[in-house]
Amino acid sequence: MAQTTQTKPTVYIETTVISYLTSQPSRDIIVLAHQELTRAWWEKALPGFEAYVSPVVLREIAQGDPAAAAQRMRAVEHLPVLAYSPEAERLSDEYVKALGIPPHAKADADHLALASWHGMDFVATWNCAHLASGAVKRHLRTLNGAHGIWTPEVCTPEELMDLIGG
């Protein structure tokens, strides 16, 4: 497993953050607030992080409407991509079982495995069902601790806003 040694904290940017960043303003007031928070975080706080995505993120943001997908891809084209390894794949498979992540949401386990395996300090996400839930975070710490693997802090962009002074 790799532990990064950057001077800035590292953050793995999960797909929902990129979607909120680039999508049209929502009519749902809560979603709209998340979109605005994401845009503010991206502009003000993200420069204080070493940010990464993964092949899983790239695959997910490339789906859907071609124009929207192109906009999402442009938003992250400057970010380094974490390598997917057999170790991360095994970890992801274990997360699906141990964290109760449904098989159709395997990509969520992939995000956690890649961020953990690569020693990211944070995971930025708006997925509060499978990633930023208290139960998932508690079980993730236990699982990773049993394997001697780093556990990133899973947070929303809002929670990461003031970390760098954004």
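Each reported figure results from applying straightforward, stated rules to the coordinates on display, with no laboratory input. Quantities reported herein were computed from a predicted structural model and do not represent experimental measurements. Heads up, the Cβs are rebuilt from the backbone with ideal geometry, glycines too, and the neighbour counts pull from every protein chain shown.
Expressed per residue, the C-alpha convex hull volume of the chain stands at 113 Å³. Centre-to-centre, using Cα atoms only, segment 131-159 and segment 63-112 are separated by 16 Å.
How large is the charge dipole for the chain, taken about the Cα centre, if only the Cβ atoms of Lys, Arg (+1) and Asp, Glu (-1) carry charge, to the nearest 20 debye?
100
Close amide-amide hydrogen proximity is noted between E50 and T10, V11, each under 5 Å apart and 5 or more residues distant or on a separate chain (H modeled in the peptide plane; Pro and chain starts excluded).
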